[in-house]
Amino acid sequence: MINFELYNPTNLIFGKGQMEKLASLVPKGAKILLAYGGGSIFKNGIHEQVIKNLKDFEIIEFGGIEPNPHFETLMKAVAVIKEKKIDFILAVGGGSVIDGVKFMSAAAHFDGNPMEILQKKLLIKDLSKVVPFGTILTLPATGSEMNSGAVVTIQSTQEKLAFGGSALFPKFSICDPTVIESLPKRQLQNGVIDAYTHVLEQYLTYPHDGFLQDRIAESIIQTLIQIGPDVVENPKDYALASNFMWSCTMALNGLIQKGVPSDWATHMIGHELTALYGIDHARTLAVVGPNLYRVMFETKKGKLAQYGKRIFNLTGTDEEIANEAIKKTVEFFHTMGMDTKLSDYTKDYNKTASFIVDRFKERGWLGLGEKQNITLEKVKEIVEMSY
Ligand code: NZQ
Ligand code: ZN
């Protein structure tokens with residue numbers, strides 16, 4: 001097993017009615033920036049509950065954080081934080097709002113141009129230079145409620161870039177599974193597939209001796225397969241909702257990647273498809289992932305075979321099982337309402353591969369994946385196979 005450090009200071013508060021604890025979680029006397037998205041929290045009553053629970057605090061609101069949050073919008077929030085001398089931020093939303101708040105937290109006291117946090121992928125480690133924040137999760141998917149990473153889009157350059165660091169863990173996250181009742185089916189489907197792919201990014205690499213990590217990863221996948229198709233039809237079923245939410249958190253709170261290699265190239269290519277075409281994050285993963293496994297078959301076939309045997313009970317030679325496991329994955333994606341070709345989303349895809357390859361080259365991303373052997377040529381092949 002590879003040496004590791006496990007640090008996760010987020011106080012995760014999970015279950016029905018946990019919002020009642022909100023006032024005791026926010027630092028006493030804090031001036032709060034309440035950050036949210038396009039307004040779903042007004043329709044489902046979450047905004048009202050937050051205001052009720054924080055009645056003794058001074059709150060300034062900042063709404064309008066868009067899905068795949070924009071640097072340009074977030075900088076407006078940063079100006080409010082500075083002007084109003086905010087000392088705590090509360091993110092109420094899905095991954096986009098939480099990621100947006102992580103950026104605000106890092107940017108508010110940043111010496112220099114905050115765009116560098118994204119373009120230079122700076123590690124944010126100094127707790128004295130960030131604004132502390134907590135979250136109220138409204139969409140299970142990203143794991144952002146219990147990790148220190150974030151993804152922000154620079155609208156002016158159409159770049160979607162990841163950043164993070166140990167100072168960017170939420171102080172607390174309230175995760176009440178009943179919030180999913182108001183989610184549109186499409187977002188529920190997205191959540192399942194985003195979490196599923198998070199596990200695959202950390203699991204479908206090459207055989208190693210992180211036996212426990214593999215078993216935990218497999219159990220998250222099995223749970224998502226068990227509940228995924230049902231939770232999108234019955235979001236009011238608490239057993240389904242709670243297992244869905246917890247699986248999403250566990251898929252990307254850092255635990256399963258400790259001591260093992262990880263890939264993340266599906267995400268890196270997927271982010272480009274969102275930046276270029278506005279395709280939902282999870283749907284880009286369903287387009288890219290299976291083709292990446294096909295192109296990188298030789299590197300991944302050992303793990304694909306293990307996945308095929310343990311998850312889908314497949315039999316045959318390892319080669320046969322590995323191939324069949326990719327097919328089963330695509331079938332599951334289809335069951336979960338995903339389209340798996342770029343041409344299902346846009347007709348304007350002829351130059352996508354060369355565009356992405358040029359960008360990766362400019363950024364010096366010449367070898368991605370667990371063995372850094374996803375070269376620019378392979379990236380081109382993966383994207384072209386996705387048309
Ligand atoms: O903006 P509002 O009006 O709130 O509506 C949102 C949004 O339109 C809506 N929604 C959220 N909760 C709802 C609700 N509608 C009804 N009822 C509720 N309870 O859902 C829509 C999508 O929200 P968004 O936050 O964009 O979705 P998601 O949680 O999937 O986040 C996606 C973003 O997270 C990034 C993605 O790249 C993308 O930008 N990721 C962040 C990661 C991380 N920080 O670790 C890892 C992921 O791989 C991912 O890259
Ligand atoms: Zn993701």
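The values are calculated or read from the model by the stated rules, or taken from the named source; none is laboratory data. Computed from a predicted model, the values in this text were never measured in an experiment. Note that we place each Cβ from the backbone using ideal geometry, even for glycine, and neighbour counts take in every protein chain shown.
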Positions within the range 153-189 being more than 9 Å from ligand 1 (Cβ to nearest atom) and free of Cβ contacts under 8 Å to residues at least 60 places away in the same chain, in sequence order: 157, 165, 188
Filter result (of a type in the set (Asp, Glu) and farther than 18 Å from residue 336 by Cβ) within the range 186-224: 209, 214, 218
Hey, residue 240 more than 19 Å from the chain's Cα centre (by Cα), assigned to a helix (DSSP H, G or I) and under 23 Å from residue 93 (Cβ atoms) or not: yes
Which listed residue is among the aromatic types (Phe, Trp, Tyr) and not assigned by TED's automatic domain parsing to the domain that holds residue 167, from 62, 4, 57: 4
Test: residue 281 is within 12 Å of ligand 1 (Cβ to nearest atom), in contact (Cβ under 8 Å) with a residue 24 or more places away in the chain and in contact with a Gly (Cβ under 8 Å, 6 or more places away or on another chain): yes
Top-ranked residue in the range 94-143 [being part of a helix (DSSP H, G or I) and charged (D, E, K, R); ranked as surrounded by the most Cβ atoms within 10 Å (Cβ to Cβ)]: 102
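Residue-by-condition table, conditions (1) over 18 Å from residue 203 (Cβ atoms); (2) acidic (Asp, Glu); (3) buried (at least 21 other Cβ atoms within 10 Å of the Cβ):
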site	(1), (2), (3)
284	yes, no, yes
293	no, no, yes
297	no, no, no
311	no, no, no
324	no, yes, no
340	yes, no, no
Residue in the range 1-29 that is nearest to residue 45 (Cα to Cα), counting only those that are out of contact with any strand residue (DSSP E or B) (no Cβ under 7 Å at 6 or more places or on another chain) and outside any loop (DSSP other than H, G, I, E, B): 20
